[in-house]
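A.B. asks: Quick one: this structure, given as structure tokens, is what I'll be asking you about.
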Amino acid sequence: MKQWEVILKAMLENPSQEIWTAKDFQSGKYFVGYEATARMSNLMRMYPEILKVGKVGRFRTLSIDWEQEEEIKKIREVI
């Protein structure tokens, strides 16, 4: 599984977590490492229709736009 897929899968499998940062992917079950920020940027370009981009301080955040049910369903079928 590619690093961006790990991040997207984590976000889709954990709807209770509203906001994600690169730090969430630098240890534990969904480990991506120091490249997490770059992979999050890739996801923003790949799936702009389902991702909301924000900031906490100087750090980028991503969250799933759960209102985009059809798009999310299509993506889940691929991953």
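A.B. asks: For region 57-79, which positions are assigned to a strand (DSSP E or B) and closer than 15 Å to Q17 by Cα?
C.D. replies: Our first condition is that a residue be assigned to a strand (DSSP E or B); within region 57-79, this holds for 59-64.
Listed by number, the residues that qualify are T61, L62, S63, I64.
A.B. asks: Looking only at residues that are basic (K, R) and more than 15 Å from D65 (Cα to Cα) in region 1-44, which one is farthest from the chain's Cα centre (by Cα)? Steps first, answer last, please.
C.D. replies: Looking only at region 1-44, we keep the residues that are basic (K, R), and these are 2, 9, 23, 29, 39.
Checking which are more than 15 Å from D65 (Cα to Cα) leaves us with 2, 23, 29, 39.
On the way: K2: 13, K23: 12, K29: 14, R39: 9 Å.
Once the filter is applied, the top-ranked residue is K29.
A.B. asks: Being assigned to a strand (DSSP E or B) and among the charged types (D, E, K, R) is the filter; apply it to region 5-56 and report the residue that is surrounded by the most Cβ atoms within 10 Å (Cβ to Cβ). I'd like the intermediate steps shown before the answer.
C.D. replies: The initial filter retains those residues of region 5-56 that are assigned to a strand (DSSP E or B), namely 20, 51-56.
Remaining after also requiring among the charged types (D, E, K, R): 52, 55.
Values: K52: 15, K55: 9.
Across region 5-56, the extreme among qualifying residues is K52.
FYI, it's all coordinate maths here, none of it is from the lab. In this text, all values refer to a predicted model and were calculated from it rather than measured experimentally. A quick note on method: Cβ atoms are made from the backbone with ideal geometry, for glycine too, and the neighbour counts reach across all protein chains shown.
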